1. Could you tell me the calculated FRET efficiency between Asp188 and Thr118, based on Cβ-Cβ distance and R0 = 45 angstrom, to the nearest 0.05?
2. So how do 31-43, 169-181 stack up, highest first, on mean other-Cβ count within 10 Å?
3. Provide, in order from the shortest bin, the percent of all Cα-Cα pairs of the stretch 109-218 in each 5 Å bin, continuing until the bin that contains the maximum pair distance.
4. Using θ = phi - 60° and the Karplus relation 6.51 cos²θ - 1.76 cosθ + 1.60, list the HN-Hα couplings for the stretch 139-144 in order, rounded to whole Hz, with x at every Gly or Pro.
5. What share of all Cα pairs of the stretch 132-197, in percent, falls into each consecutive 5 Å distance bin?
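Bear in mind these aren't lab numbers, they're just calculated from the coordinates by the rules spelled out. Because the structure is predicted, anything quoted here is derived from the model rather than measured. Cβ atoms come from the backbone with ideal geometry, glycine included; neighbour counts cover every protein chain shown.
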Amino acid sequence: MTIVQRLGRAAAGAVAALGMSVTQAAAAGSWTVSNPRSDGSFSGVLKDGFQAEVEDVATGQRLVCRGPRSRVRGSMPSGPYPDGAGLGTVTEFVWGEPGTGSCYGPLGTTFSAGSVSTDMEFSADGYAGGTVTGRLTGVDLAFAADTWLGHCTMRISGSLDRVTYSNSTGELSITGGTGLTMRDVSTDGSCMGLLNEGDQVRYSAAFVLDEPLTVTSP
């Protein structure tokens, strides 16, 4: 092998190594989170003028909640992330309190709701114009309502798509999110046949974070 050939091979190897290094560096910093809280937590309240809503797709019946008693809490620590998988965790959804008049269901019933799962993982799959899009997995929420026929309880669980976060407004939103199913619906008739086992669910809500995060991706 001539000196020229050896130099050519060495140069090619250096270029390949440099290319791999650049690629790895880009992958290592493909997502960045800046959280003003040192413990990595976040919290937010239902956006003024908006409502959190669960809709039974089969029956069209809705569970709706308004007002500042509805909140979200979670964790998304500052730092670089290699990709959008597991970017953060939602640990709690809170929907109002019974008797406050802010949460209601079919035929004028009032209800409350809370998280069963404390490990709802948020994974980002897109970024444009300062807005992150993604989905929540491991969602498990419990609902309870006092109806004319007794105490109606149920859970909705599964994954939730159409989740967005806006850096400019600090809003965490779900708009007509699908992927959830009604489970463990009361079997004593207290849910009046309006909310049924196995029905698919659409979920919508918009929360404004108390201390906004900044999430970016090149």
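1. Values: r = 29 Å, r/R0 = 0.64.
For Asp188 and Thr118, the calculated efficiency is 0.95.
2. 169-181, 31-43
3. Pairs per bin, as whole percents: 2, 12, 18, 21, 16, 12, 8, 6, 3, 1, 0.
4. For the stretch 139-144, the Karplus-derived couplings read 6, 8, 10, 10, 10, 9 Hz, x marking Gly and Pro.
5. It works out to 4, 17, 20, 16, 14, 13, 9, 5, 2, 0, in whole percents.
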